[in-house]
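Novice: The structure's right below; bear with me while I get my questions together.
Please treat every number below as a calculation from the coordinates, not as lab data. Quick caveat: nothing in here was measured; it's all calculated off a predicted structure. Positions of Cβ are generated from backbone atoms using ideal geometry, with glycine treated the same way; all protein chains shown enter the neighbour counts.
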Amino acid sequence: MIAIVDVAVITLTTDFGTRDTYVAEMKAAILSITRDVHVVDITHEVAPHDVLDPGVGTARRGLAIASGDQVFIGPDNGLFTPFLGGAPWRAFELRAEQFRAAGVSRTFHGRDVFAPAAAHVARGLEPGRLGPIVTDPVLLAWPRARVTEGRVGGAVVHVDRFGNLVTSIDGDTIALLGSGVTVRVGGRILPLVQTYGELARGSAGALVGSRNRLEIAVNAGSAATMLRARRGSPVVVSRVSSPAARPARRRS
């Protein structure tokens, strides 16, 4: 996936890794069209054969999604789902031949379709010129926080390289429960802490991370391994109930 922020920054998110020449070829395609741009690598370590582009060369569409001051470019296979549920957006199919490579490979649309489209948008091209309007982009089932009385349910949406479990529950939603909550995942009930260092070495706990998302971590270990959890695993945050008041005893 490629994102254009304002008109001067292009970000790249792929599953190409850095061993082969694929990322360099995409950057070369961009820079052959415009040099007046900053190209930023978000990551090239998305799991191979995941959602990014397994349908390259088939009938699946390429899209440009304009939302706010950003334009997202990539395959229409559900990749854009997280960006289609909030702010207003417009989508266009990448069909205009003048904004793609002269020869388009059936196996490398990142270089021959997406990168040229991004470069032209970065130069100031109106996204609507890339092709016809699309009103039905593919959407994937996307886990969202479910709030009920005294609890919030969600799911793991990402496992980072440390084995931390990043969830669909944000810190603002947890704050609605007030102080004193616990987190249940993988059959374990965990405390909510402020920092990784509050956990004893090898112990698991939950905290709100730098992106305001609830995440489950193990100090010097992998929460994914310890809790046998993965993307999609359910997570529940519950308010700790105060002990019920005991009835007063009558004097005989």
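Novice: Under a 5 Å amide H to amide H cut-off, with H placed in plane at 1.01 Å, what residues pair with R213 once short-range neighbours are removed?
Specialist: For R213, whose amide H was placed from the backbone, the distant partners under 5 Å are G171.
Novice: Quick one: 3J(HN,Hα) in Hz for region 74-84, Karplus 6.51/-1.76/1.60 with θ = phi - 60°, rounded, Gly and Pro as x.
Specialist: x, x, 8, 10, x, 4, 8, 3, x, 9, 10
Novice: Let me know the volume per residue of the alpha-carbon convex hull for region 31-81, in Å³.
Specialist: Values: hull volume 6.5 nm³, N = 51.
Cα convex hull per residue, to the nearest whole number: 127 Å³.
Novice: For volume of the Cα convex hull per residue in Å³, one of (1) 117; (2) 129; (3) 164 was computed from the structure I shared and the rest are decoys. Which label?
Specialist: Given (1) 117; (2) 129; (3) 164, the structure-derived one carries the label (3).
Novice: On a full-extension model of 0.36 nm per residue, what is the gain between R19 and D170, subtracting their alpha-carbon distance, rounded to one decimal in nm? Write out the running numbers ahead of the final one.
Specialist: Numbers: separation 151, 0.36 × 151 = 54.36 nm, distance 3.49 nm.
Stretched out fully, the R19 to D170 stretch lengthens by 50.9 nm.
Novice: Work through the residues other than L130 whose Cβ is under 15 Å from its Cβ and net out their charges, Lys, Arg +1 and Asp, Glu -1.
Specialist: Around L130, the surrounding residues sum to +1.
Novice: Also, I was wondering about something else. Which of these, R231, R60, R161, has the largest mean-square fluctuation under a Gaussian network model of the chain (Cα springs below 10 Å)?
Specialist: R161
Novice: In a Gaussian network model over the chain where Cα atoms closer than 10 Å are linked, find which of G86, G171, G124 has the largest mean-square fluctuation.
Specialist: Top of the fluctuation ranking is G86.
Novice: Quick check on the exposure proxy: order T182, T21 from fewest to most C-beta atoms within 10 angstrom.
Specialist: Least crowded to most crowded, the residues run T21, T182.
Novice: Could you list M26, M226, M1 in order of exposure, starting from the residue whose Cβ has the fewest other Cβ atoms within 10 Å?
Specialist: On the way: M26 25, M226 17, M1 22.
Ascending Cβ contact count within 10 Å gives the list M226, M1, M26.
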